[in-house]
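All of the numbers you see were taken from the coordinates with simple rules; none came from a lab. Note that the structure is predicted; figures quoted are calculated from it, not measured. Counting neighbours? That spans all protein chains shown, and the Cβs are built from the backbone with ideal geometry, glycine included.
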Amino acid sequence: MPLTDDQQPIERLSLADMAMRRLRGDIVHGRLAPDEVLTEIALAGRLGVGRGTVRTALFALEADELVVRAPYSNWRVASLNEQVIWEIYTLREALEGLAARILAERPGDGHRQPIAAAFAKLAPAEAGSIDDRVAADLGFHRAIVEATGHRHLLKRYGGLSSKMEWLYRWSETHWPSRFPLEADHRALFEVVMHGTPDEAERAVRAHIDLSLAADLDGYRSLISRGDTDSEFANRTPDPA
């Protein structure tokens with residue numbers, strides 16, 4: 001039986017961990033824009049901690065590729081451009097495709113119930129907030145990966161999760177063109193639950209390819225309109 005909130009153990013966090021979570025939330029939720037310059041002094045004052053604590057937090061976020069180091073002890077939020085969007089989606093496609101294949105190779109192992117439960121949350125989230133849609137959509141995909149029980153796969157997928165959420169929230173804010181959640185995921189759900197390994201992997205790749213195309217179209221439309229307050233629109237995409 002799952003533990004209730006009041007039964008959960010208290011999570012002990014260092015100041016650096018708390019600062020890292022605060023900054024990650026600010027980046028993922030768009031309060032800190034792509035390419036925005038970050039200074040340790042300003043962040044220390046804003047968070048009420050020392051520069052050493054801020055630096056430790058920034059190094060952790062650098063490992064997640066949410067920030068990059070800049071000259072003169074400055075940092076900046078990672079860029080968002082076509083190359084970055086393509087990289088996030090293609091890596092996600094490879095990881096989720098492998099997860100779907102692994103599950104299909106192990107029919108009847110009893111690990112699919114959480115996937116069904118996650119799918120059931122999609123329809124109620126359609127009319128909800130961005131937070132509701134993000135949690136339901138990414139939660140369904142995460143359930144597929146978690147059902148494999150593959151520790152190395154889960155670790156790599158977890159390392160990509162912040163960037164996936166960052167891109168999802170940015171797209172919902174700037175080019176909201178998401179498909180109806182339940183209808184968009186139903187075919188994928190059916191194949192992952194009942195298909196062959198080849199069918200399951202193809203279904204994941206086809207599903208994610210559509211999302212990639214939609215986000216690239218949305219990004220290009222945003223740039224063509226000049227409808228952004230961030231410097232990221234004028235940056236040249238990094239070479240492949």
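Please work out the FRET efficiency for the pair residue 199 and residue 155, using the Cβ-Cβ distance as r and a Förster radius of 22 Å; give the result to the nearest 0.05.
0.25
Where in the chain are the DSSP H helices whose alpha-carbon span along the long axis reaches 24 Å or more and whose Kyte-Doolittle mean is at least -1.0?
82-104, 197-225
Note down the Stokes-Einstein diffusion coefficient of region 110-213 in µm²/s, whole number, using a Kirkwood radius over alpha carbon pairs, 37 °C, and 0.692 mPa s.
Result for D is 231 µm²/s.
Using a 10 angstrom cutoff on alpha carbons, build the Gaussian network for the chain and name the most mobile of 152, 194, 141.
Highest fluctuation of the listed residues: 152.
For a Förster distance of 41 Å, can you work out the FRET efficiency between the beta-carbons of residue 94 and residue 41, rounded to the nearest 0.05?
That gives a FRET efficiency of 0.55.
Beyond 21 Å, what share of the Cα-Cα pairs of region 15-77 remains, rounded to the nearest whole percent?
7 percent
With N denoting the number of residues in the chain, provide Rg(C-alpha) divided by 2.2 N^0.38 Å, to two decimal places.
After normalising by residue count via 2.2 N^0.38 Å, the value is 1.09.
Mean-square fluctuation check for the chain, GNM, Cα pairs under 10 Å: which of 46, 22, 101 is largest?
Looking only at 46, 22, 101, the largest GNM fluctuation is found for 46.
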